[in-house]
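Below: one structure, written as structure tokens.
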Amino acid sequence: MEALKVKLSSGRELEINEDVVAILNKYVRTMMTLEELARELSLATWEEAYELINQIPAWLMWVPLSIQKKEPTPQS
């Protein structure tokens, strides 16, 4: 998985790696609040978590990490 970087309005830059995607997958599938998401991602406030959610593609949160990690099979 290629790393994506998101710059928040606070000036903080967050790398969207496998660990972050796993937390985002958990966020969209459970009743995790933005406060809990911010805490798990070591963000300052829920507003930063909200801003992050708005900046990343929705498919990144919904597609399980195991599927994202699979490499496409070559066509014969």
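The values are calculated or read from the model by the stated rules, or taken from the named source; none is laboratory data. As the structure is a computational prediction, the values presented were derived from the model and not from experiment. FYI the Cβ positions are ideal-geometry reconstructions off the backbone, even for glycines, and counts take in every protein chain you see. Note: areas computed on protein heavy atoms with side chains; ligands, DNA, RNA excluded. Shrake-Rupley method; radii C 1.70, N 1.55, O 1.52, S 1.80 Å.
Here the contact order of the chain, divided by its residue count and restricted to Cα pairs under 8 Å and six or more residues apart, works out to 29 percent.
Length available on full extension from Lys26 to Ile56: 0.36 nm per residue minus the Cα-Cα distance, which gives 9.3 nm. Within the chain, the proportion of Cα pairs with more than 16 Å between them is 49 percent.
How large is the charge dipole for region 4-61, taken about the Cα centre, if only the Cβ atoms of Lys, Arg (+1) and Asp, Glu (-1) carry charge, to the nearest 20 debye?
120
FRET efficiency for Trp46 and Glu15, Cβ-Cβ distance as r, R0 = 30 Å, nearest 0.05? In this case the efficiency is close to 0.90.
If you sort Lys26, Lys7 by accessible surface, 1.4 Å probe, largest first, the order is Lys7, Lys26.
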